[in-house]
Structure formats: structure tokens, C-alpha cells
Amino acid sequence: MTVIHQDHLITSVADALQFISYYHPVDFIRAMRKAYEREQSPAAKAALTQVLVNSRMAALGKRPICQDTGIVNVFLTVGMEVSWAADLSVEEMVNEGVRRGYQNPDNLLRPSVLIDPDGDRSNTRDNTPAVIHYRIVPGDALNVEVAAKGGGSEAKAKFAMLNPSDSVADWVLSVVPTMGAGWCPPGLLGVGIGGTPEKAMLMAKESLMEPVDIHELQARGASNRTEELRLELFEKVNALGIGAQGLGGLTTVLDVKVKDHPTHAANKPVAVIPNCTATRHVHFTLDGSGPAVFEPPDLSEWPDIPFELGDGVRRVNLDGLTREELREWRAGETLLLSGKLLTGRDAAHQRIVELIDRGEELPVDFTDRLIYYVGPVDPVRDEVVGPAGPTTATRMDKFTRTMLEQTGLIGMIGKGERGPEAIEAIKDNEAVSLIAVGGAAYLVAKAIVGAKVLAFPELGMEAIGEFEVKDMPVTVAVDSLGDSVHESGPAFWKNRIVMLGIG
């Protein structure tokens, strides 16, 4: 009988979370590399360049790929012959591993888990508790899958209870465009079909742990209905032209995974969950001989791509920025920002709007400033700031008009598209919305040469701060005329894919 020791599981979970924070799975990197090599859209190729450069930097520097180091998902497959040498419950062991993994002083990971989700939403400060799933099977080993799932991609999960005669493919193709770019494509789509509502969602999540192998499937051909659906969705989702970061291009998904389960005759539950460019998961087995050992991948798998943005880059001095200069920027244009910008996200915006509503003085002067929607990782050693990529911009849409019209703010930086409400406010106030590449957090952090907290320090990573940046790369998402690259880019590439017969 296999005896699993408490410390072995705790140590393995902690080490796994450190490992996946800075190493992409090799199969994912190979797929990203293929996407980069075949991409024809300049904007998408530039975004893929940043993601791949960032991934290699994170692997070499052993710092997080993305500032959103995720909510931890753990899948435990427990052999029926396993016994435990432990004082803690299995759940407590896993959570202690999460705690140690996120609080490792050599590579601090950002705590993002909140308790009282519909109330005070207080941060637990150590990213516990994890979301844990169990399966009991014959055998004498413990198999564990550990994943760290970013909030931006989780926010785009979809579920529907279809009629038995409805097309799953048609439904998926109808919802993918509504996901926008906040899930940081290209990534994977996990699809769960059948069972009950919660079973469909679980299958969609589990499928994302499988290897990226769509090209092998294309080569050998489908042997069952789920494989046929994978091939159909892979081709048709990419034909939408959404592309990297939603900028328009050839690759929106690197693979599509499908799992199914018998269901009631009256039902067809279907779930889809995307995985982003910060795909992070690893599998290990404990057999009683000790904690898991994680072998570093061969870094030759990572393409050594120079970080070049081309000649058509506009350099911007933030410290002397005027509204007249800002009006010259056009959607899709690449900028390199230098100078000082403000930072803040959901909780800080809520505080500011509440102060405005009460007629109280604001703690920060926003006049003619840009604000970066970011919740950075804490710095280690000599870092100014830890990985500091953008968070999803649409979550700030409801605050946008108030911020532009009541504070003097003239621009914002986030990831993904802006909704109609925000675009209208941007146009009315001749402001701008910019994007930094999601999934390039360590690369972005290298452009930050100074950082300090200005207001609401009790909010932690959601506080209002100030970054001093040098040559921070961004793209104009919505210009002062209200033109959005997330509308024009995918529309152009969807038509081009059809016209050229590429895909």
C-alpha cells in the first residue's frame, strides 16, 4: 500500500505553482511558435512577438509570465490503495502548498483570491483557498494536475442549455466573438458537452489540461464525433479573424478541446472556457517515494526573437503630453511611452467615483494624465516592480465617462476591447484608450523604472500608484475619433481569410 506523506504533497503543490508561474508548457510554446511563424497581420505578429519574448524572459528570470498569477485549480486522482501519513486533511495540505507557493520570497506570486465575494471582497493575501476536485480510482498512486487560471479568461466562460437538436458548433461560434479580447488570445478553448450543467463546466475546464495536439489530429484525421467537432471548431474559430489580442489575424485559438458525458434525453448542456496566453498547468504523480521533481524545459524550444517594433513607432513623452498631441494618434498605431503614468483598477475606480458623488476632494490629480489598469506582482530583490501586465479594460467601462469628465483624465491603458459605452465616452471627450499586450507582464515590467503608491494603500495591488516608464510599448485601441482597432482589425482579417482561402 502506498503511503503519501503530508510534506510530500505540500511541497509538490508549492513547487508546481512556482514552476508553472515562469515556465509555459513546451507544447504550448511550440504551438505559439507556429502561430508566430505563419502570422501575416503586422499587429498580431507584433503581439505574438511580445508574448514569446516575455515567455523566454520569464523562463530565464524565473519570474511570473503574467501579473495575474491565477486562481489555483487542483485535480486529484486518488488511488483506492493509497493511505495517508498526515495530520491535515487533503484539502488543508493542498492549501498549505498554495500558501507556500505564492509566498515564496524568491518569486512572490500575486494573491488574487477574495473571500466574501458578494460583500467586502477581502483578499486572503496568500491565494487560498484553491478550487479542488477529486476522483477516486483503482490503484496505488496519487495523480495531481495543478493549474493557475487567470481571471481574464475565466471571466469569458460561457454556458448554455441547448435543445437536443441544436448545433454545438453553431453555439460556440456565436459566443466566441462575444468574448472579445479580454481572454488574451491566442489560447485554447475547452468545450464540455452533456452531463448536467456543473458537469459540462467541469469537463470544459479539465479538457484544458490536455496536450496541444490539434496538428497531429489534422494529420491523422478524426476517429469520432468529438474529434470531428474539434477540427471543425479549430478551423471556423480561426476563420473569425479575431487574432492575437483581438487585433485581427490568422490565429485566435491554438487548439480546441472537447469532452463529453451522457446526458438526459431532454437536455444538451454545453460549456466553453478559454485558456489565455498565460496557460499554466503541470501534472505530477506521488507514489510514496518523495515529493515531485520538476525538470526545467529545454530553452531551445523558445524562439530567440529580437524585440523590435519596426520604424513606424511614435515616441510619447507623458510628462509633456497635451490633448492636441493625443488627437493625432490613430487606432492601431504603436506607441512607446516614457514618463509618468498613474495606475489603478476596479476597486480604486469605485473609490474615486464614490468620492466624486459625495463632492469630496480626490487624493490624486488626474489632469491630462493616463491611467494604467494594472495589479502588479510585488517586487523581489532589486526589482522596481514585479511583472505588471494589463488587466481587462472593459471592467472599467462603467467608470469611464465619470473619470474623463470629472477628473481631467485623458487616456487609459488596459487589455482587450472597450464596449460601446466606453467608446462613446472616449469619443465625446476626445480621449484615448490604449492596450498593452496581455501575457507580456515581465516584458512590460522591464520598461518600468520607478514605482510608488499614491492613494488607497490598503487596497494592495488595486491601489492607485504611479509608474515611471521608459519605452513602454502600447497600441492605440480607441482613438479620439472613437475608431476601435478591435472592430476594424478582426473585420479586415475575417474578410481577408475568406478572400485568400487561408486558415
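Rule-based calculations on the coordinates, nothing more; no lab input. Everything numeric in this text was worked out from a predicted model, so none of it was measured. All Cβ positions, glycine included, derive from the backbone under ideal geometry; neighbour counts span all protein chains shown.
The table below lists the values:
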{"item": "Using distinct alpha-carbon pairs, which all enter the 1/r mean, Kirkwood radius of region 1-157 in Å", "result": "17.4"}
{"item": "Entries in 199/268; 34/158; 158/257; 427/452; 149/340; 156/257 that, when Cα-Cα distance is taken, lie over 21 Å", "result": "34/158; 427/452; 149/340"}
{"item": "Listed peptides 35-46, 132-143 by packing density, highest first (mean Cβ within 10 Å)", "result": "35-46, 132-143"}
{"item": "Over the chain, relative contact order from alpha-carbon pairs under 8 Å, at least 6 apart, %", "result": "20"}
{"item": "C-alpha center-to-center spacing [region 1-80, region 89-119] in angstrom", "result": "17"}
{"item": "Ranked by how many other beta carbons lie within 10 Å on average, peptides 148-155, 398-405 from highest", "result": "148-155, 398-405"}
{"item": "Peptides 25-32, 364-371, 119-126 ordered by average Cβ neighbours within 10 Å, highest first", "result": "25-32, 364-371, 119-126"}
{"item": "The chain - mean residue ellipticity at 222 nm from DSSP helices (-39,500 (n - 2.57) per run, n ≥ 4, rounded to 500)", "result": "-10000 deg cm²/dmol"}
{"item": "Bridge type composition, the chain - antiparallel percent by DSSP, nearest 5", "result": "60"}
{"item": "Stretchable slack from residue 175 to residue 365, in nm (0.36 nm times residue separation minus alpha-carbon distance)", "result": "64.4 nm"}
{"item": "Those Cys residues of the chain for which no other cysteine Cβ falls under 4.7 Å", "result": "66"}
{"item": "Cα-projected label distance for residue 308 with residue 382, points at 7 Å along beta-carbon direction, nm", "result": "2.9"}
{"item": "Alpha-carbon gyration tensor eigenvalues x 5, square-rooted, for region 2-288, Å", "result": "31, 24, 18"}
{"item": "Potential lengthening between residue 2 and residue 294 on full extension [0.36 nm per residue; Cα-Cα distance subtracted]", "result": "103.0 nm"}
{"item": "Rg ratio (alpha-carbon, reference 2.2 N^0.38 Å) - region 313-489", "result": "0.95"}
{"item": "Distance between modelled label sites at residue 492 and residue 34, nm, 7 Å Cα→Cβ extension", "result": "2.7"}
{"item": "Among beta bridges that DSSP assigns inside region 395-477, antiparallel share in %, nearest 5", "result": "65"}
{"item": "Relative contact order for region 2-288, counting Cα pairs under 8 Å that sit 6 or more residues apart, in percent", "result": "27"}
{"item": "Within straight-line cross-link reach of residue 470, aspartates and glutamates at Cα separation under 13 Å, skipping those fewer than 8 residues along the same chain", "result": "319"}
{"item": "Loop GluC sites (Glu not before Pro), region 46-148 (other Cβ atoms within 10 Å of the site Cβ: 13 or fewer; DSSP)", "result": "81"}
{"item": "Under the Karplus curve 6.51 cos²θ - 1.76 cosθ + 1.60, θ = phi - 60°, whole-Hz ³J(HN,Hα) for region 474-489, x wherever Gly or Pro sits", "result": "9, 10, 6, 8, 10, 8, 5, 8, x, 6, 10, 5, 6, 9, 6, x"}
{"item": "Rounded to 5, percent antiparallel among DSSP beta bridges of region 2-288", "result": "60"}
